[in-house]
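Student: Okay, here's the structure, questions in a sec.
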Amino acid sequence: MSRLALGMKIYTTDWHTWYGRDYAEAAHQLRALGVSFAFVLNSVDSAPVSGTPSRVAERYRDRALSYSDRALRAALHQVGIRYYAAFSMFFDPVHLRQHRELTPVNVFGDPMPQVGWYIGLCPSSEEYLQHKIGVIDRVSRELSPDGIFLTVIRFPGFWERWVAGYRRSPSDEYCFCTRCLDRFSTETGIRVEGGQERSDGWLGWLTTHRSQWTEWKCQVIRHVVSRVRRAVGETQPQCDVAFNTVPFRTADFGNAIEEVFGQHREKLAPLVDAFELMTYHQVLKRPPPFITQVANEAKAQTAKRIYCTVFTRPRYLEGVYEPDRRHPSITADEVAAVLQAVADSRADGVVLRWEDYLEDLRTPDDSKGRVLHSALARLLAAPP
């Protein structure tokens, strides 16, 4: 048995509606690759995480209309692949348009703008949390998943723009809406001073109460996970909970993982079975060894399963992302180096994107696909 497990993010139906694979064919291809678990976006909670909509070829249009979460889950189970139903917690543009009171506010009182595909959603609303738990409960009852995968579960912030060398700004931090400030005061007994009528907003107050504010934000996210875990446990007591976390070390950007995003791995660990790290080296403009460092710190903090997601195809190149000047390609050798960085770490597994893998197989000389297969074979053959 290998030390590393291989997972696959299935966030689009491209495999079915673009590449033409049926459910059984897709499941067998994944199993032959060595995949043992999959994070799958479902039709009920189908916000296009990472802004990647599904593609539909004209000849497969009927498949898009008849697509079945149950059929995919059954096919994956048939070949022994664990099915994790993925839920986008605090990214839901449709819901946000209907509930503008959930728009995040920064420390100066400015509402959060949309950046590319991303627009955050304030995580302190109990009404929204109850709505989301209802969605999770419905899907869990219908699909009986092996686990649930909680994505975009953080205080708002588009961390993908925080490339190497980025300087964190006070305006990067959310949420200072009335609901958040009132809830903080009620739960901590600390009075909030400042406001939109002041040029520095709540920045002066925040400087004084930084540690209490950070602690409260982390507790809000922990509360969300606790509520979700308890609700799922009532109907699916053996269901795993996997948690999607930003790929930062504590020292990165002044402990932004806790101060900005409210993710405290040690405090979440009792409620979470696995942490997935979005170690997208090309997006972050970091060398592959960065993946090893992030995974090792996360493992030391939690002792829970750590999975590193890696991209084998480039992203965030055009439009609003163009000034970041990311490299426009990921070579076959680079893919091998990225996978080796995971193998060199204390991570328990690596996760790929299904649509990336299928596209890599279509490279003209098949070099990328061959390198990927060879590197994965070595990883999965490594002894524990």
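The values are calculated or read from the model by the stated rules, or taken from the named source; none is laboratory data. Source: prediction; values computed, not measured. In this analysis, Cβ positions are derived from the backbone assuming ideal geometry, glycine residues included, and neighbour counts consider all displayed protein chains. Just so you know, the surface numbers come from the protein's heavy atoms only, side chains and all, with ligands and any DNA or RNA stripped out. Shrake-Rupley method; radii C 1.70, N 1.55, O 1.52, S 1.80 Å.
Student: So which residues in region 30-45 are β-branched (V, I, T) and within 14 Å of N244 (Cβ to Cβ), if there are any at all? Give the derivation first.
Tutor: From region 30-45, those β-branched (V, I, T) are 35, 40, 44; that's our starting set.
If the condition is that a residue be β-branched (V, I, T) and within 14 Å of N244 (Cβ to Cβ), then V40 is the only one that fits.
Student: Does G233 meet the test of being modelled with pLDDT under 95 and either within 18 Å of the chain's Cα centre (by Cα) or surrounded by fewer than 20 Cβ atoms within 10 Å (Cβ to Cβ) (or both)? First the steps, then the outcome.
Tutor: On the way: modelled with pLDDT under 95: yes; either within 18 Å of the chain's Cα centre (by Cα) or surrounded by fewer than 20 Cβ atoms within 10 Å (Cβ to Cβ) (or both): yes.
It is true that G233 is modelled with pLDDT under 95 and either within 18 Å of the chain's Cα centre (by Cα) or surrounded by fewer than 20 Cβ atoms within 10 Å (Cβ to Cβ) (or both).
Residue by residue, here is whether (1) open to solvent by 20 Å² or more (accessible area, probe 1.4 Å); (2) assigned to a strand (DSSP E or B); (3) in contact (Cβ under 8 Å) with a residue 24 or more places away in the chain; (4) polar (S, T, N, Q) holds:
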residue	(1), (2), (3), (4)
A64	yes, no, yes, no
R73	yes, no, yes, no
H77	yes, no, no, no
F87	no, yes, yes, no
F91	no, no, yes, no
V94	yes, no, yes, no
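Student: Please enumerate the residues belonging to region 184-208 that are open to solvent by less than 40 Å² (accessible area, probe 1.4 Å), of a type outside the set (G, A, S) and part of a helix (DSSP H, G or I).
Tutor: The answer is F184, W205, L206.
Student: Right, another one. Only residues that are modelled with pLDDT of 95 or more and basic (K, R): list them for region 3-20, please.
Tutor: K9
Student: While we're looking at this one, here's another question. Quick test of your reading of the structure: I330 fulfils all but one of (1) of a type in the set (A, V, I, L, M); (2) within 19 Å of T250 (Cα to Cα); (3) in contact with a Pro (Cβ under 9 Å, 6 or more places away or on another chain). Name the failing condition by number.
Tutor: So the condition that I330 fails would be (2).
Student: Okay, next question. Are there helices (runs of 4 or more DSSP H) fully within region 250-299 with at least 2 residues that are touching a residue at least 12 places away in the same chain (Cβ under 8 Å), hydrophobic (A, V, I, L, M, F, W, C) and open to solvent by less than 10 Å² (accessible area, probe 1.4 Å)? List them.
Tutor: Here the list reads 256-259, 281-284.
Student: Cβ contacts < 7 Å: first residue open to solvent by 100 Å² or more (accessible area, probe 1.4 Å), restricted to region 316-334; second residue in a loop (DSSP other than H, G, I, E, B), any location; separation 6+ or different chain. Result?
Tutor: H327/P314
Student: Looking at region 1-36, which of its residues are open to solvent by 10 Å² or more (accessible area, probe 1.4 Å) and assigned to a strand (DSSP E or B)?
Tutor: A5, S36 - these are the residues of region 1-36 that are open to solvent by 10 Å² or more (accessible area, probe 1.4 Å) and assigned to a strand (DSSP E or B).
Student: Would you mention how many residues in region 209-223 are among the charged types (D, E, K, R), open to solvent by less than 80 Å² (accessible area, probe 1.4 Å) and under 24 Å from the mean Cα position of the chain (by Cα)?
Tutor: Residues meeting the conditions: 2.
Student: May I ask you to list the residues in region 78-95 that are over 15 Å from I10 (Cα atoms) and more than 18 Å from the chain's Cα centre (by Cα)?
Tutor: Initially, region 78-95 is screened for residues over 15 Å from I10 (Cα atoms), giving 78-80, 89-95.
Listed by number, the residues that qualify are Q78, V79, G80, V94, H95.
Student: Kindly provide the set of residues from region 99-131 that are open to solvent by less than 10 Å² (accessible area, probe 1.4 Å), over 12 Å from T178 (Cα atoms) and not in a helix (DSSP H, G or I), ordered by number.
Tutor: Those that are open to solvent by less than 10 Å² (accessible area, probe 1.4 Å), over 12 Å from T178 (Cα atoms) and not in a helix (DSSP H, G or I): Y118, G120, L121, P123.
Student: Which members of region 149-168 meet the condition of being open to solvent by less than 40 Å² (accessible area, probe 1.4 Å), out of contact with any Ser or Thr (no Cβ under 7 Å at 6 or more places or on another chain) and more than 21 Å from E101 (Cα to Cα)? Please lay out each step first, then the result.
Tutor: Kept after step one, since they are open to solvent by less than 40 Å² (accessible area, probe 1.4 Å), are these residues of region 149-168: 149-160, 162-163.
Next, from what is left, pick out any that are out of contact with any Ser or Thr (no Cβ under 7 Å at 6 or more places or on another chain): 149-150, 153-160, 162-163.
Selection gives F149, L150, W159, E160, W162, V163.
Student: Also: Among the residues of region 132-172, what is the count of those that are under 30 Å from G204 (Cα atoms), outside any helix (DSSP H, G or I) and not hydrophobic (A, V, I, L, M, F, W, C)?
Tutor: As a first pass, look at region 132-172 and keep what is under 30 Å from G204 (Cα atoms): 152-172.
With outside any helix (DSSP H, G or I) added as a condition, the list becomes 152-158, 162-169.
Still in the running and not hydrophobic (A, V, I, L, M, F, W, C): 154, 156-157, 165-169.
Counting residues in region 132-172 that are under 30 Å from G204 (Cα atoms), outside any helix (DSSP H, G or I) and not hydrophobic (A, V, I, L, M, F, W, C) gives 8.
Student: Select from region 342-370 the residues that are more than 12 Å from F311 (Cα to Cα), open to solvent by less than 40 Å² (accessible area, probe 1.4 Å), without any contact (Cβ under 8 Å) to a residue 60 or more places away in the chain and assigned to a helix (DSSP H, G or I) and list them in ascending order.
Tutor: S367, K368, G369
Student: Find all pairs meeting these conditions: Cβ atoms under 7 angstrom apart; at least six residues apart or on different chains; first residue within region 229-243 and closer than 9 Å to D146 by Cα; second residue open to solvent by 30 Å² or more (accessible area, probe 1.4 Å) and hydroxyl-bearing (S, T, Y).
Tutor: Matching pairs, first to second residue: Q236/S144.
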